[in-house]
1. Collect the residues in the range 114-134 that are in contact (Cβ under 8 Å) with a residue 40 or more places away in the chain and not hydroxyl-bearing (Ser, Thr, Tyr), keeping them in residue-number order.
2. Among the residues of the range 226-283 satisfying the criterion of being charged (D, E, K, R) and part of a helix (DSSP H, G or I), which is farthest from Gly300 (Cα to Cα)?
3. For Trp369, all conditions in the list (1) free of Cβ contacts under 8 Å to residues at least 40 places away in the same chain; (2) outside any strand (DSSP E or B) hold save one; what is the number of the exception?
4. Within the group Arg359, Arg418, which residue is touching a residue at least 40 places away in the same chain (Cβ under 8 Å) and of a type in the set (Lys, Arg)?
5. Anything in the range 284-298 that is assigned to a loop (DSSP other than H, G, I, E, B) and among the charged types (D, E, K, R)? List them, or say none.
6. If you scan the range 372-395, which residues turn out to be assigned to a strand (DSSP E or B), of a type outside the set (Ser, Thr, Tyr) and either farther than 20 Å from Phe430 by Cα or in contact with a helix residue (DSSP H, G or I) (Cβ under 7 Å, 6 or more places away or on another chain) (or both)?
7. Can you work out which of the residues in the range 300-328 that are among the hydroxyl-bearing types (Ser, Thr, Tyr) and at pLDDT below 95 is surrounded by the fewest Cβ atoms within 10 Å (Cβ to Cβ)?
8. Can you find a residue in the range 346-362 that is assigned to a strand (DSSP E or B) and either of a type in the set (Val, Ile, Thr) or in the same structural domain as Gln240 (by TED's automatic domain parsing) (or both)?
Amino acid sequence: MINRILSLLPASLLLAESLASAQTSTPVIEIVGADDQLADNIRNHLRIGREACDTPLARLERLRSQVTANVVRAGQALGYYRLSESTRFEQGEGCWQLQITVTPGDRMMVSEVSIDLPERAGIQEVFGDVVADLPELADAPLHHGRYESVKNALSAAAVENGFFGASFERAEIRVDMDAYTAAIDIAFEPGTRYNFGEIRVQPVPGFSTAFIDSLILLAPGQPYSSSDLLEQRAQLDDTQYFRQITITPQLSSATNQSVPVDVILVPRLRHAYSTGIGFTTDTGPRVRAAYENRYINTRGHRFDSDLALSSVRSQANMGYTIPLNEPLTTNLKFNTGYITENTDTYDSDRFKLEAAYLRESSSGWLETWSVDYLRDDYVLDAQEDTSTLAMPGYSLAKTATDDFINPSKGWRLFGQIRGATDSVISTTSFVQLYASGKGIISIGPGRFLTRFKAGTT
């Protein structure tokens, strides 16, 4: 019995190898006479490749007309309306093979493009920029994919801007084989634009209704816009009050062209603590601790503090932030701190007090008006002295980028002026100017970064 089993093993192994070979073999389709773009499009249109390797040649021959139609359709999609082709099936080793030989001919050119939009108020404002940004179709080879991308862009812009009943009254490619030219004709009817309806904000524990309402910029009757929804979410996220933000337009509940919006906000933990230890060659071992109260009261006031201790340099800081009537764009900040340094050459005890008014404009520029007070008691070469400065200042900054975490392009500018006069509190008079900038440009797979800094006192 054992001998019989052993004698069957070689045949079994051969059968397994044969089955594995059949499973791993695939049809070989060779396309001759086409450039890479046309060859790829032909492969994408072919369905014959789904046939199994053991499909009889007789069946494959019956599918020749289907292959021909696929090749012709693939050529026309790229403007090859005079393409000719021939096909030949063969039985290869382990699987059948197909050779397709094409003679593409000239590509058809687009002689005319017409994209009609209604003249109603607001239509050009929404769709005019979309049409302007569309790829140039006229005086270029006919490409069905680009034609479809125009239609998709118009449809997407309609949905994103609340034109939920949009439709194409006319969308066609007219081909003139005698002149060997094509005309694209699109008539797009967006329909009526929907508005935002009721903005339904659930109560948020720890915050007053009035304060939460001041964070919501969406308003009933405002034209519907997906970008406005995304912007609202980004603004709420920037406040750092919430760990979860859900803004949901209820399209199924729309009535009278108004879409209600549900807003659900889950606050972050009120208290946050952090500690750390470290070592540097300048200060030696150091210990750090920080505490933050993210919303002291229902009006969104904040408090933060940190303490760092080392044998050479120790400091303590506290800050308090008050959101104003427009908390997304304006607030007051107060900071105070104490720094003590003891080195081999000097000892210093510095006290600072800062007050700042911050306002972000609608164009994204952040203005900061500030007043800083510094008092420095120090000992240098056995001589004691005290320095005081009261410094009013103004700064302006803006950042524009495609991604704040991992940008591929963008820029940042910062400028500041501040000074002091010995006629008011300060022991020294000075004016200080400072500017800096950074730019990022995407180049192939990498990025080119440039920076500058300039200042004078």
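The values are calculated or read from the model by the stated rules, or taken from the named source; none is laboratory data. Predicted model, so just to flag it, every value in this text is computed and none were measured. Note that we place each Cβ from the backbone using ideal geometry, even for glycine, and neighbour counts take in every protein chain shown.
1. If the condition is that a residue be in contact (Cβ under 8 Å) with a residue 40 or more places away in the chain and not hydroxyl-bearing (Ser, Thr, Tyr), then Ile115, Asp116, Leu117, Pro118, Gly122, Ile123, Val126, Phe127 are the ones that fit.
2. Asp228
3. Going through (1) free of Cβ contacts under 8 Å to residues at least 40 places away in the same chain; (2) outside any strand (DSSP E or B) one by one, Trp369 breaks only (2).
4. Of the residues listed, the single one that is touching a residue at least 40 places away in the same chain (Cβ under 8 Å) and of a type in the set (Lys, Arg) is Arg418.
5. Across the range 284-298, the qualifying residue is only Arg294.
6. Val379, Leu380, Gln383, Glu384
7. The extreme case among them is Ser311.
8. No.
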